[in-house]
Amino acid sequence: MFIKEITIMSFENYFPLWNDLNTAQKKLISDNLITQHVKKGTIIHNGNMDCTGLLLIKSGQLRTYILSNEGREITLYRLFDMDMCLLSASCIMRSIQFEVTIEAEKDTDLWIIPAEIYKGIMKDSAPVANYTNELMATRFSDVMWLIEQIMWKSLDKRVASFLLEETSIEGTNELKITHETIANHLGSHREVITRMLRYFQVEGLVKLSRGKITILDSKRLETLQRS
C-alpha cells in the first residue's frame, strides 16, 4: 500500500490534468494505473490492433514510427520526460487509424492508463477531452512537419538536422549511433545514409568510426540545414 501511495503521489506531479479530476475519477485512475520499466529496444505498442493505453513518461525516451510494406521505418516523433502519448490508445478515438509502433530508445520508466479507463474519463470530463484534442492536434502537427521535410528538403539537410537534434538530446558531439539507425529515423536506406555521411566527412563536418559519429563543425551543419 505504501509503495502504491508513493507511485500515485509521483504520478500526480506528472499528469497535468490531475487537479481537474473529481474524486471518483482520481480513484479510478489510481486503482488501474500500471507502472512499467522497459529496457532499451522494447516494443511497447505495435499497430492499431494493440490498444495499450495512454502512456506518460516519467523518465527515458520513446520513439514513435511507422513501417512500410517493404519494411522501411520512419520516425514520426519522439517522447521524453513528462511527455504523453495518445496514439498508443488510438482505439478510444474511432476516426484515428494509425498503424504506429512505439519503441524504447533508452531504458524508460512510464505509467499506463488503460484505454477504457481513459476513454470513460474523457467522456465525462470536458478538461480531459479538451486536453486530449489539443495533444492529438500537436501530434498531427508533428506529422505534418515531417511530411514537409520529406517533400521539400533534400536528404543532406535532413541528415544535418538529425545529427544536430541528436547532439542536443545526448548533450555531446560524439554520437554512438549506427548508419542503419539514422536510416530508420529518416525513412531512407543504410547505403544512402552511409554515402551522405562519407560526404560530410570529406567536407570536414563529421568524423566517422565504428558505431560512432563525431560532429566536427556544428555551425556548418546548422548553415546546411537552413539553406
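Only a single item in (1) under 19 Å from the mean Cα position of the chain (by Cα); (2) exposed (fewer than 14 other Cβ atoms within 10 Å of the Cβ); (3) modelled with pLDDT of 95 or more is not met by Ala24, and it is number (1).
Residue check: Ser141 meets all listed conditions (1) within 30 Å of Ala89 (Cα to Cα); (2) at pLDDT 95 or above but one, namely (2). Every listed requirement among (1) in contact with a helix residue (DSSP H, G or I) (Cβ under 8 Å, 6 or more places away or on another chain); (2) under 22 Å from Phe200 (Cα atoms); (3) at pLDDT 95 or above is met by Glu165 save one, (1). Gly41: on the phi > 0 side of the Ramachandran plot, assigned to a loop (DSSP other than H, G, I, E, B), without any contact (Cβ under 8 Å) to a residue 24 or more places away in the chain and of a type outside the set (Lys, Arg), yes or no? Here the answer is no, as Gly41 does not meet what is asked.
Is at least one residue of the stretch 151-160 in a helix (DSSP H, G or I), within 18 Å of Thr64 (Cα to Cα), aliphatic (A, V, I, L, M) and assigned by TED's automatic domain parsing to the domain that holds Leu205? No, every residue in the stretch 151-160 fails to be in a helix (DSSP H, G or I), within 18 Å of Thr64 (Cα to Cα), aliphatic (A, V, I, L, M) and assigned by TED's automatic domain parsing to the domain that holds Leu205.
How about the stretch 136-164: which of its residues are closer than 16 Å to Arg226 by Cβ, acidic (Asp, Glu) and in contact (Cβ under 8 Å) with a residue 40 or more places away in the chain?
Passing the criteria: only Asp156.
Checking each residue in the stretch 110-155 for being crowded, with 17+ Cβ neighbours inside 10 Å and of a type in the set (D, E, K, R) picks out Lys119, Arg139. Within the option set Thr181, Thr172, Thr167, Thr223, being without any contact (Cβ under 8 Å) to a residue 24 or more places away in the chain, more than 30 Å from Ile92 (Cα to Cα), crowded, with 16+ Cβ neighbours inside 10 Å and among the polar types (S, T, N, Q) holds for one residue only, Thr181.
When restricted to residues that are touching a residue at least 24 places away in the same chain (Cβ under 8 Å) and of a type outside the set (A, V, I, L, M, F, W, C), the stretch 184-194 contains 5.
Residues that are crowded, with 16+ Cβ neighbours inside 10 Å, part of a loop (DSSP other than H, G, I, E, B) and not aliphatic (A, V, I, L, M): does the stretch 185-203 have at least one? Taking every residue of the stretch 185-203 in turn, at least one turns out to be crowded, with 16+ Cβ neighbours inside 10 Å, part of a loop (DSSP other than H, G, I, E, B) and not aliphatic (A, V, I, L, M).
The values are calculated or read from the model by the stated rules, or taken from the named source; none is laboratory data. The shown structure was predicted, so the numbers you read here are calculated from the model rather than taken from an experiment. Positions of Cβ are generated from backbone atoms using ideal geometry, with glycine treated the same way; all protein chains shown enter the neighbour counts.
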